[in-house]
Amino acid sequence: MARTARTARAAARSRSLAAVVLAAGKGKRMRSARPKVLHEVCGRPGLWFVLKAAMAARPERIVVVVGFGKEQVEEAVRSWALGVEVAFVEQPEPLGTGHATMVAEPAVGDVDDVLVMAGDDPLPTGDHVRRVVRTLRRGSAAAAILTTVVDDPTGYGRVVRTGRDLVEIAEETDARPEIRRINEISTVVYAFRREDLYRALPRVGRDNRQNEHYLPDVLKVLIEKGERVSVVTTDFGGVWVGLNSRATLAKLGEMIRARIIERHMDRGVTFVDPSTAYVDVDVRIGRDTVIRPMTFLEGATRIGRGASIGPGTRLVDCVVGDGADVTFSVAAVAFNKTNALVGPYASLRPGTVLDERAKAGTFVEMKNTRVGRGSKVPHLAYLGDARIGRDVNVGAGTITCNYDGYDKHPTVIGDESFIGSDTMLVAPVNLGRRAWTGAGSAITEDVPEGALAVERAKQRIIRGYDDRRRAAHGGRAPGSKSRPEDPTAKGNRRPSGE
């Protein structure tokens, strides 16, 4: 018996598979010029999630059925480099999911099984897909479908079954009252024996309100022929939504984001308040890092171990090293190495790199700048196109004047230099190792190693200045308002009778 079971499993694994993903819909309720399958959920288009889930079943090829916005859809799918043969088939008319699956037949090829998924349903994962395909292959059914139980099934067809076998998917408008009380509905994750699928599809008619070929009607045809359809049930928290409207897009984001955050927590990441953390699907976070409230981690952001991020922080495509601390700050395409400190209220723009133990402090903005190991820019500074050596102190109010109205120019500051507060570094300018600048200086020339550069106009003292200014303004203190005019004074009386 054990040998028979092993033989059956081996035979199931040897069966070939093609995945058909239905991505031709326009999505009228989205009210968008963009195809609905390309609207983003947690940093990726919804179609990306569907294709990643399909890939878990190891298909020989993927057939994407396109229609509205086909050029955009094809370009996006090609950019994802799925590592498997991808074919695109156009559905010339929007005649339903059954018709879309039918036009894909030539591209499906001579495979044993066909997986069909909806490009606008990103909730199913690779685990769900594998379960459906495994159920098809290990049994004698002609098809297997993924279903779920929802709190409110209004508007969905109900799954009527006996044990694990489907009896029918009953449309709500035609269902009897006892059928309407069923809360189990079908998702569009179907696996078919290819021959059974494409023999049944031509028998699916268009006798419905939409005048379309519905894919679920294939199941009815198969059951009427005496074939079995197996049911695989999963739990999506009592809710099922697809990319149908802006409201469902928001709900999808909430559900998939919760899934992402739970996965990070399982791997040793602390989220102080998961409900206020926004984490894209491609973000990676190291163990023992703490994510504080109102933190946004976007794109391909990478965070090391033992870091502290937030509160009130947004990182886009950033790399943050072990032990770094980023507070109330915004950074895009920036790199913060081990134990770097950022914020509060810092803005790190693309091209910024903070080396080990470097600091970009309060109200500091940097762009295309590298701050060396142990160097500090504590507060109120702007550094653009600059290279700062190690163990440099940059005083408050310092700016690099890097733009001359036409071109950007570099500033270089050597190791162990001290930049006085309110220094203007007029690029291009190079400060040697252990250079100093006096507070309030405008540095326009290179500073040699170990030298002090001071640029200030001679201070003048003008005595009695305040008395003269007050006398010229009727004795009023600076900033005070003039006395209101007397309405009874000559020339200000109102005419009689007014």
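The values are calculated or read from the model by the stated rules, or taken from the named source; none is laboratory data. Keep in mind it's a predicted model, so treat the numbers as computed, not measured. Note that we place each Cβ from the backbone using ideal geometry, even for glycine, and neighbour counts take in every protein chain shown. Note: areas computed on protein heavy atoms with side chains; ligands, DNA, RNA excluded. Shrake-Rupley method; radii C 1.70, N 1.55, O 1.52, S 1.80 Å.
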Filter segment 142-172 for residues that are β-branched (Val, Ile, Thr) and touching a residue at least 12 places away in the same chain (Cβ under 8 Å) and give the result. ILE145, THR147, THR148, VAL149, VAL150, THR154, VAL159, VAL160, VAL167, ILE169
Kindly provide the set of residues from segment 242-270 that are in a loop (DSSP other than H, G, I, E, B) and under 21 Å from ARG130 (Cα atoms), ordered by number. GLY242
Mind checking which pairs have a first residue in segment 438-464 that is within 23 Å of TYR403 (Cα to Cα) and open to solvent by less than 50 Å² (accessible area, probe 1.4 Å) and a second that is in a loop (DSSP other than H, G, I, E, B) and basic (Lys, Arg), Cβ under 8 Å, 6 or more apart or different chains? GLY438/ARG456; GLY440/ARG456; SER441/ARG456
Kindly evaluate GLY361 against the criterion of being assigned to a loop (DSSP other than H, G, I, E, B) and either free of Cβ contacts under 8 Å to residues at least 60 places away in the same chain or open to solvent by 50 Å² or more (accessible area, probe 1.4 Å) (or both). no
(1) within 19 Å of LEU123 (Cβ to Cβ); (2) under 19 Å from the mean Cα position of the chain (by Cα); (3) open to solvent by less than 30 Å² (accessible area, probe 1.4 Å): which one isn't true of TRP240, the others all being true? (2)
Taking segment 246-270 and keeping residues within 27 Å of HIS39 (Cα to Cα) and open to solvent by less than 20 Å² (accessible area, probe 1.4 Å) leaves LEU252, GLY253, ILE256, ILE260, ILE261, HIS264
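Scan segment 279-288 and tell me whether some residue there is of a type in the set (D, E, K, R), touching a Phe, Trp or Tyr at 6+ places or on another chain (Cβ under 7 Å) and touching a residue at least 60 places away in the same chain (Cβ under 8 Å).
Step one: filter segment 279-288 for residues of a type in the set (D, E, K, R), giving 280, 282, 284, 287-288.
Filter once more, so that each one left must be touching a Phe, Trp or Tyr at 6+ places or on another chain (Cβ under 7 Å): none.
No, segment 279-288 has no match at all.
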Strands (runs of 3 or more DSSP E) within segment 366-418 that include 3 or more residues crowded, with 23+ Cβ neighbours inside 10 Å and in contact (Cβ under 8 Å) with a residue 12 or more places away in the chain: 376-384
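The rows are residues; the columns are (1) under 19 Å from the mean Cα position of the chain (by Cα); (2) farther than 29 Å from LEU222 by Cα; (3) modelled with pLDDT under 95.
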| residue | (1), (2), (3) |
| --- | --- |
| VAL77 | yes, yes, no |
| ALA81 | yes, yes, yes |
| ALA87 | no, no, no |
| LEU95 | no, no, yes |
| GLY98 | no, no, yes |
| THR125 | yes, no, no |
| ARG130 | no, no, no |
| ALA142 | no, no, no |
| THR148 | no, no, no |
Return the pairs, sorted by first residue and then second, in which the second residue is open to solvent by 60 Å² or more (accessible area, probe 1.4 Å), the first residue lies in segment 250-266 and is more than 11 Å from GLY237 (Cβ to Cβ), the beta carbons are less than 7 Å apart, and the residues are 6+ apart or on different chains. ARG257/TYR278
